[in-house]
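Working notes for the structure below.
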Amino acid sequence: METELRAYALRQGADPDLSPTDDHARADWLVPLWEALGQSGVEHPGLAFAASSDTTALGGVLAPILANSPDVDAMLDSLGRFHPLIGHNELVVRRCPAGDGAASVSVSLRDLDGGAAHPDTVDACFAMLCTIARRLAGESVAPDRVLLRRPEPTRPQAYRRALGPVAFGQPTDACVFGVGALRARVRHADPVVLAMLAPYAQRQLSLNRMPWSSKVRAVLQKASGAADPPRLADVARTMAVGRRTLQLRLQEEGFSFSALVEEERREQALALLAEPEPAGLPMTAIAARVGFATPAAFTRAVRRWTGMPPSAYRQAASNDRERSDMTGPNRAGSAGLRAEADAAGHDRAPQPGDEPRDRPAAPPPHR
C-alpha cells in the first residue's frame, strides 16, 4: 500500500520525508506519508486515501482472492491468512462467539512492534475494508460497529459515512462484522479462480517464512561492499518490520544483529583473502571494503578468526587450492582451511582493538 499512498500524497502536493530515521524504521513506516498529507491540508488523510483507492491498491494476489471468495465471512478469513503478502502492519482477524452458535468477526490492526497502529493507518485500513465489502457484496453490507482509539474529531460525519457506527476514544481499534454481514454473498465470485489462486498464495506465504536470521543475512549480503554495514534500523525497514521486533525474533533463534554483521564481515573478508594476488585485492583494499578503520585492526580480526595473519591465510588458501587442483574461484578456501579458521576464531578470546568500527559482538558458532 505504501506505493499507492506515496502516489496519492504526491497528487495532493504533499512532500513526505521518507528518510530512514530510527524513529520511523520502526513500527509504522507509513507515518511520514500521513504527516505530509496532514501538513498539506488533507483532512482525515486515512479516510481520504481510502476513498481514492480501489481493490487494486491491495496489490498482488490478495485482491482477486477476496473478489472470488464465496461470502464476506470467507473474504475476511482470506484477508487474515494472506494479508502478510501485502501488508506491513499486523492485521488480526478474530472470531468472537455469540449466542445460538453464531459468531461475529473482529478485524484489528497493530503496528510491527505489537503496539497500536497509527490512527491514520487504522482509518485507511478500516475504510478500505468497508468499501471492498460493499463493492463485492452489496451496498447494504457494513460492520455492526467500529471502535477507534483516536479521540472524536470536531466533524465526525466523515467517519460515519465511511465506516458506519463509530465509537471514539476506545481502548482498542476494531472493525466488527455481525452475522448478517458475514453471510452476504460475494457477487460474481468464481470458485474455479479461487481454487487456482489460494494454493499459489499459500506457497508464497511459505516462502516468506524463512528464518529471520537467514533474512537478515540475505539483506547484509546484498549490502556487502558498502563503506559501512547497514544499521539495525536500516535492515528492519528493508524487511518491513519494527526494529524491536527484529531484535526479539533474532534472539528467539539464538542470534544477535551485531553477531550476524560480524559473521557476514568475516565471510566476506575470508572470501576476498582466498583470491590470490594479482587477481585478488591487496590487503589494505580488503580491510577498507569490509569496514575496518585501519589495516592493523583488520589484521587483528583475521588473527582472531583464523589464528594467522591475512598474508598467511592467503598463502594457505593458495596452497590448499593447488593441492585440491581447484581452478575456479573459491569463496573461502577449502573445507579443511575453513574448519581450521572456524576453530581458531572460536577458541581464541577477542583481543583489544580486534573489533571493526561498529564493534559488533563476537560471532556465534558457525552455522
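The values are calculated or read from the model by the stated rules, or taken from the named source; none is laboratory data. This is a predicted model, so every value here is computed, not measured. Note that each Cβ is placed from the backbone with ideal geometry, even for glycine, and that neighbours are counted across all protein chains shown. Surface accessibility is based on the protein's heavy atoms, side chains included, excluding ligands, DNA and RNA. Shrake-Rupley method; radii C 1.70, N 1.55, O 1.52, S 1.80 Å.
Across the range 184-197, the number of residues qualifying as open to solvent by 70 Å² or more (accessible area, probe 1.4 Å), part of a loop (DSSP other than H, G, I, E, B) and either among the small types (Gly, Ala, Ser) or without any contact (Cβ under 8 Å) to a residue 60 or more places away in the chain (or both) comes to 1. Residue count for the range 157-183, restricted to those that are of a type in the set (A, V, I, L, M, F, W, C), touching a residue at least 60 places away in the same chain (Cβ under 8 Å) and in a helix (DSSP H, G or I): 5. Taken together, the residues in the range 312-326 that are open to solvent by 50 Å² or more (accessible area, probe 1.4 Å) and either in contact with a Ser or Thr (Cβ under 9 Å, 6 or more places away or on another chain) or touching a residue at least 60 places away in the same chain (Cβ under 8 Å) (or both) amount to 3. Within the range 239-253, the set of residues being surrounded by fewer than 18 Cβ atoms within 10 Å (Cβ to Cβ) and either under 14 Å from Ala218 (Cβ atoms) or within 8 Å of the chain's Cα centre (by Cα) (or both) comprises just one member, Ala240.
In this structure, Thr284 qualifies as touching a Pro at 6+ places or on another chain (Cβ under 6 Å), without any contact (Cβ under 8 Å) to a residue 40 or more places away in the chain, over 22 Å from Asn319 (Cβ atoms) and in a helix (DSSP H, G or I). Note on the range 198-222: residues that are in contact (Cβ under 8 Å) with a residue 40 or more places away in the chain and either β-branched (Val, Ile, Thr) or open to solvent by 70 Å² or more (accessible area, probe 1.4 Å) (or both) amount to 4.
Report yes if Arg244 is part of a helix (DSSP H, G or I), more than 24 Å from Arg134 (Cα to Cα) and modelled with pLDDT under 85, otherwise no. Step through it out loud before you land on a result.
Values: part of a helix (DSSP H, G or I): yes; more than 24 Å from Arg134 (Cα to Cα): yes; modelled with pLDDT under 85: yes.
Against the criterion (part of a helix (DSSP H, G or I), more than 24 Å from Arg134 (Cα to Cα) and modelled with pLDDT under 85), Arg244 qualifies.
Of all residues in the range 72-90, those being among the hydrophobic types (A, V, I, L, M, F, W, C) and open to solvent by less than 20 Å² (accessible area, probe 1.4 Å) number 5.
Considering the conditions (1) open to solvent by 30 Å² or more (accessible area, probe 1.4 Å); (2) at pLDDT 95 or above; (3) of a type outside the set (D, E, K, R), Leu112 is excluded by exactly one of them, (2).
Thr121 satisfies every condition listed in (1) polar (S, T, N, Q); (2) open to solvent by less than 20 Å² (accessible area, probe 1.4 Å); (3) more than 20 Å from Leu37 (Cα to Cα) except (3).
Filtered by the rule that a residue be small (Gly, Ala, Ser), crowded, with 16+ Cβ neighbours inside 10 Å and under 27 Å from Glu322 (Cβ atoms), the range 254-304 gives Ala269, Ala271, Ala274, Gly280, Ala287, Ala301.
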